[in-house]
Each structure stands twice: as C-alpha cells, then as structure tokens.
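> Below is one structure. I have some questions about it.
The values are calculated or read from the model by the stated rules, or taken from the named source; none is laboratory data. Remember, it's a predicted structure, so these values are computed and weren't measured experimentally. Note that each Cβ is placed from the backbone with ideal geometry, even for glycine, and that neighbours are counted across all protein chains shown. Protein only, heavy atoms only, side chains kept; ligands, DNA and RNA dropped before computing areas. Shrake-Rupley method; radii C 1.70, N 1.55, O 1.52, S 1.80 Å.
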Amino acid sequence: MQYKYNKSLVSSAKALRKRMTPEEKHLWYDFLKKLPITVNRQKNIGNYIVDFFISQKNTVIEVDGLGHKLDENRASDEKRDSELKELGITVLRYSNYDVGNNFSAVTSDILKNIGMSFEDIKQQ
C-alpha cells in the first residue's frame with residue numbers, strides 16, 4: 001500500500017539516511033538489510049519520517065535514544081504512533097540500549113511481529 005507523505009520532508013529523509021545513528025546502522029546492516037522482504041530506511045509517511053518501514057507487513061521500526069524518554073517527547077511519540085496505527089501500521093519501538101546490548105532479543109521480536117523466523121533469513 002502506498003501512503004501519502006509530506007513532500008517537504010523528502011530532503012530531510014535523504015539527509016537522515018546518510019546520518020544514521022550507530023544503533024540504526026547496526027540494526028540495518030546486521031539484520032534488516034538481510035531480510036528477504038523490502039525494508040525502507042528513513043521513509044516518509046504522512047507528516048513523519050520513520051526509521052524503518054516494511055510495507056509488506058505494514059510495520060514501522062523505531063530506534064529510540066534517551067530523548068524519547070522525556071515527557072514531551074513521549075507524548076509526541078504516542079501521538080505519532082496513534083496516527084500511524086489509524087493507517088493500519090504497527091509501530092515497533094526499541095531503545096538504543098537494547099539494540100546495542102540485546103540485539104538478538106530485538107531481532108527475534110521483530111521477526112515474531114512480522115511473522116517470520118531466522119530460518120526465513122537463512123534460506124536466502
């Protein structure tokens with residue numbers, strides 16, 4: 001499914017692709033890029049730029065730094081997640097800490113949520 005997006009965010013999304021955080025790079029290069037389905041980085045959906053988007057599974061993956069724990073950012077994240085949910089999109093959120101220190105748990109959870117297994121990756 002194709003989602004409407006704010007065209008004024010395209011250049012920002014491109015810039016963010018070039019400046020991924022270390023945790024985003026780890027998740028991308030060591031896992032998401034190897035999935036047998038298309039995963040987009042820094043994808044525009046509506047008025048948002050999401051970290052990763054798996055359109056075949058209507059799933060967004062967000063990698064959150066410490067700033068997301070602040071009350072004002074938490075409220076913004078909840079609003080964003082709610083608006084994406086209204087579009088039929090599931091949002092999976094993982095902390096930078098978990099990506100760095102619990103990588104196998106993060107990848108297992110992603111696979112579970114998109115209905116895949118590690119066997120699906122090994123067969124590619």
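> For SER95, only one of the following conditions fails: (1) more than 29 Å from LYS7 (Cα to Cα); (2) in contact (Cβ under 8 Å) with a residue 12 or more places away in the chain; (3) surrounded by 12 or more Cβ atoms within 10 Å (Cβ to Cβ). What is its number?
Failing condition for SER95: (1).
For (1) modelled with pLDDT of 85 or more; (2) touching a Lys or Arg at 6+ places or on another chain (Cβ under 9 Å); (3) within 20 Å of ASP98 (Cα to Cα), each residue gets a yes or a no:
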residue: ASP51; (1), (2), (3): yes, yes, yes
residue: ASN58; (1), (2), (3): yes, no, no
residue: ILE61; (1), (2), (3): yes, yes, yes
residue: LEU66; (1), (2), (3): no, no, yes
residue: LEU70; (1), (2), (3): no, no, yes
residue: SER76; (1), (2), (3): no, no, no
residue: GLU86; (1), (2), (3): yes, no, no
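> Report, ordered by the first and then the second residue, all pairs with beta carbons closer than 9 Å, sequence separation of six or more or different chains, a first member in segment 108-122 that is within 13 Å of VAL60 (Cα to Cα) and of a type in the set (Gly, Ala, Ser), and a second member that is open to solvent by less than 50 Å² (accessible area, probe 1.4 Å) and in a helix (DSSP H, G or I).
Nothing qualifies.
> State whether one or more residues within segment 72-85 are within 24 Å of TYR3 (Cβ to Cβ), assigned to a loop (DSSP other than H, G, I, E, B) and of a type in the set (A, V, I, L, M, F, W, C).
The answer is no, given that none of the residues of segment 72-85 is within 24 Å of TYR3 (Cβ to Cβ), assigned to a loop (DSSP other than H, G, I, E, B) and of a type in the set (A, V, I, L, M, F, W, C).
> Ok, one more. Is it fair to say GLY88 is loosely packed, with under 12 Cβ neighbours inside 10 Å and on the phi > 0 side of the Ramachandran plot?
Against the criterion (loosely packed, with under 12 Cβ neighbours inside 10 Å and on the phi > 0 side of the Ramachandran plot), GLY88 qualifies.
> Which count do you get for residues in segment 99-116 that are at pLDDT below 95 and under 15 Å from the mean Cα position of the chain (by Cα)?
Qualifying residue count for the region: 0.
> Could you list all residues from segment 19-54 that are part of a helix (DSSP H, G or I) and over 30 Å from PHE118 (Cβ atoms)?
Residues satisfying the conditions do not exist here.
> Across segment 28-54, what is the number of residues that are open to solvent by 20 Å² or more (accessible area, probe 1.4 Å) and either under 15 Å from ILE110 (Cβ atoms) or aromatic (Phe, Trp, Tyr) (or both)?
Adding up the residues that qualify gives 11.
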